[in-house]
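Asker: Handing you this structure, nothing more for now.
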Amino acid sequence: KKLSFKEKEEFKRAFIINNQIEDLCKDPSKRIPLSSLNQDLMDEVIPFFKTLYKSFLGWKLIKDTYGSKKEYYDDLIADFSFCPCCGYGQIKTIYDKGHSAFDHYLSLKYYPFSVANFLNLIPLCDECNSDNKGEDDILDAGKKVFYPLSTSHPEIKVDYGISSLSFKEIVIKIKAIDKLDKKHIKVKFNLTGEEIESWDSIFDIKGRYFGQVANNRESWLNHVRRVYRDTDI
């Protein structure tokens, strides 16, 4: 009741703006930080919003009317075989009990108003969710970020291979598998720009793809040797 008209309007505007998830990903400068709002009001409403995800969405009336989080999850991942953010991490399928982590893409810590906004809930593998993104504010750097649920998402390809080595060196000279190290394995993307930089920074894409290649280097090298063992090189 003690809020001024201006403070009330600022709060309403922040609620609307900070729920426009895809727009904020395209232009992080639009986001309204909680620190700019009346702090007494924030002390009251933030705990309220935090309870919505765990309690409100679990109410029988809500589930009977709008469906459960599991039903939404199953609809959402119908076209996904792997984690929609890294491209190879495992996520639970519609046949599994429960669901993989529903990550608040814009972290609950910084964007509590969007806690029950399903456009802010993204299924992620454990490595993307817990080991990399965590509770970080992905918009803090001020760079554009990909919005995973975008209907006009560009196709991203992650290419990796061996550089600075000829096939002769791979097949003949490298006897010890451990000699194939990070300097030999290159990971790159088919796209450039702020979104790609943010994606790599948030989810450590290059580092994790390098790890996948490096962990499988023995079988990969043996395959190369088999293919080229009878080739005149």
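Asker: So, with +1 on the Cβ of K and R and -1 on the Cβ of D and E, and no other charges, what is the size of the charge dipole of the stretch 1-128 about its Cα centre, to the nearest 20 debye?
Answerer: Numbers: 18 positive and 18 negative charges, 103 e Å.
About 500 debye.
Asker: How much length would be gained if the chain were fully extended between Ser150 and Tyr88, taking 0.36 nm per residue of separation minus their Cα-Cα distance, in nm to one decimal? Don't skip to the answer; put the middle values down first.
Answerer: Values: separation 62, 0.36 × 62 = 22.32 nm, distance 1.90 nm.
Extending this stretch completely gives an extra 20.4 nm.
Asker: What size of dipole, in debye to the nearest 20, comes out for the stretch 1-50 about its Cα centre when the only charges are +1 on Lys and Arg C-beta atoms and -1 on Asp and Glu C-beta atoms? Provide the component values of the computation, followed by the final result.
Answerer: Values: 10 positive and 9 negative charges, 24 e Å.
Approximately 120 debye in magnitude.
Asker: Quick check: at a probe of 1.4 Å, how many percent of the accessible area of the chain sits on carbon and sulfur atoms?
Answerer: Values: 7340 of 14470 Å².
Using a 1.4 Å probe with all protein chains present, the chain comes out at 51 percent carbon and sulfur.
Asker: Hey, for a label at Lys63 modelled as a point 7 Å past Cα toward Cβ, could you say which residues of the stretch 117-142 have their backbone N under 13 Å away?
Answerer: Nothing falls inside the zone, counting backbone N under 13 Å.
Asker: Would you mind working out the accessible area per residue for the chain, using a 1.4 Å probe, and quoting it in Å²? Before the final figure, lay out the partial values.
Answerer: On the way: 14470 Å² over 233 residues.
Accessible area per residue: 62 Å².
Asker: Place a +1 charge on the Cβ of each Lys and Arg in the chain and a -1 charge on the Cβ of each Asp and Glu, then give the dipole magnitude about the Cα centre in debye, rounded to the nearest 20.
Answerer: Working: 36 positive and 36 negative charges, 81 e Å.
For this selection, approximately 380 debye.
Asker: First measure r as the distance between the Cβ atoms of Lys188 and Ser4, then evaluate 1/(1 + (r/R0)^6) with R0 = 41 Å and state the FRET efficiency to the nearest 0.05. Before the final figure, lay out each step's value.
Answerer: Details: r = 53 Å, r/R0 = 1.30.
It comes out at approximately 0.15.
Asker: What pairs in Lys50/Lys97; Lys30/Lys206; Lys12/Lys54; Lys26/Lys143; Lys12/Lys60; Lys54/Lys109 have C-alpha atoms more than 19 Å from each other? Provide the component values of the computation, followed by the final result.
Answerer: Details: Lys50/Lys97 25 Å; Lys30/Lys206 29 Å; Lys12/Lys54 23 Å; Lys26/Lys143 8 Å; Lys12/Lys60 29 Å; Lys54/Lys109 15 Å.
Distance filter (> 19 Å) returns Lys50/Lys97; Lys30/Lys206; Lys12/Lys54; Lys12/Lys60.
Asker: So what's the back-of-envelope 222 nm ellipticity for the chain, counting only DSSP H runs of four-plus at -39500 (n - 2.57) apiece and dividing by all residues, rounded to 500? Write down the numbers at each step before the final one.
Answerer: Details: 8 runs with 83 residues, N = 233.
Using -39500 (n - 2.57) per qualifying helix, the result is -10500 deg cm²/dmol.
Asker: Let me ask something additional. Calculate the spin-label point distance for Glu44 paired with Arg13, positioning each point 7 Å from the Cα along the beta-carbon direction, and give it in nanometres.
Answerer: 2.1 nm
Asker: Output the relative contact order of the chain, whole-number percent, from Cα pairs under 8 angstrom with separation of 6+ residues. Present the calculation step by step, with values, prior to reporting the outcome.
Answerer: Numbers: 244 pairs, mean separation 42.3, N = 233.
Reported relative contact order: 18 percent.
Asker: Using θ = phi - 60° and the Karplus form 6.51 cos²θ - 1.76 cosθ + 1.60, what ³J(HN,Hα) does each residue of the stretch 16-27 get, whole Hz, x for Gly and Pro?
Answerer: Computed from phi, the couplings for the stretch 16-27 are 5, 5, 6, 9, 8, 4, 5, 4, 5, 5, 6, 9 Hz.
The values are calculated or read from the model by the stated rules, or taken from the named source; none is laboratory data. Remember, predicted model here, so these are calculated numbers, not experimental data. Don't worry about glycine lacking a Cβ; one is built from the backbone with ideal geometry, like all the others, and counts go over all protein chains shown. All accessible areas refer to the heavy atoms of the entire protein, side chains included, with ligands and DNA or RNA removed. Shrake-Rupley method; radii C 1.70, N 1.55, O 1.52, S 1.80 Å.
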